[in-house]
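Each reported figure results from applying straightforward, stated rules to the coordinates on display, with no laboratory input. The shown structure was predicted, so the numbers you read here are calculated from the model rather than taken from an experiment. Positions of Cβ are backbone-derived with ideal geometry, glycine not excepted, and every protein chain shown enters the neighbour counts.
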C-alpha cells in the first residue's frame with residue numbers, strides 16, 4: 001500500500017475508534033493486538049495486512065469496506081468545490097476590468 005493509502009486508512013480507523021469512544025488500548029484488546037500496534041496503524045507506520053484490517057473492522061463492529069470510506073477526504077473535497085463555486089460566482093458577477101484585477105492579484109500571490 002502507498003503511504004497515502006496507509007495514512008487514509010489509519011485516519012479512518014482513528015475516526016471510527018473515537019466515534020465509538022474507544023481508546024487505542026481498548027480497540028487493541030478487542031482486536032487482540034498490542035496497543036502500540038493500533039497506534040502504529042493509525043500513524044501509518046505499519047503496513048497492515050488484510051487479515052489485520054478484518055480484525056480491526058470486526059472490533060469496531062463495521063464492515064471491511066467502512067475502513068476505506070475516507071469521510072474527511074470527502075468533506076475536504078466538498079469544501080474545496082464549494083469554495084471554488086463561490087469564487088466563480090463572485091467572478092461572474094464582476095465587470096471585465098475587475099476580473100482582470102483579480103487575475104493579476106492571484107498571479108502576484110501564487111506565481
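Points to keep in mind about this one:
- Label selected from (1) 1.60; (2) 1.19; (3) 2.83, the criterion being Cα Rg over 2.2 N^0.38 Å as computed here: (1)
- Inter-probe distance in nm under a simple model that places probes 7 Å from Cα toward Cβ, at residue 4 and residue 107: 3.0
- Highest-first packing order for the peptide set 22-28, 86-92 is 22-28, 86-92, based on the mean count of other beta carbon atoms within 10 Å.
- More than 17 Å apart - percent of Cα-Cα pairs taken over the stretch 3-68: 26
- Projecting label points 7 angstrom from Cα along Cα→Cβ for residue 68 and residue 47 puts them 1.9 nm apart.
- With Cα atoms, 0 to 90° folded angle of helix 50-60 axis to the chain main axis: 90
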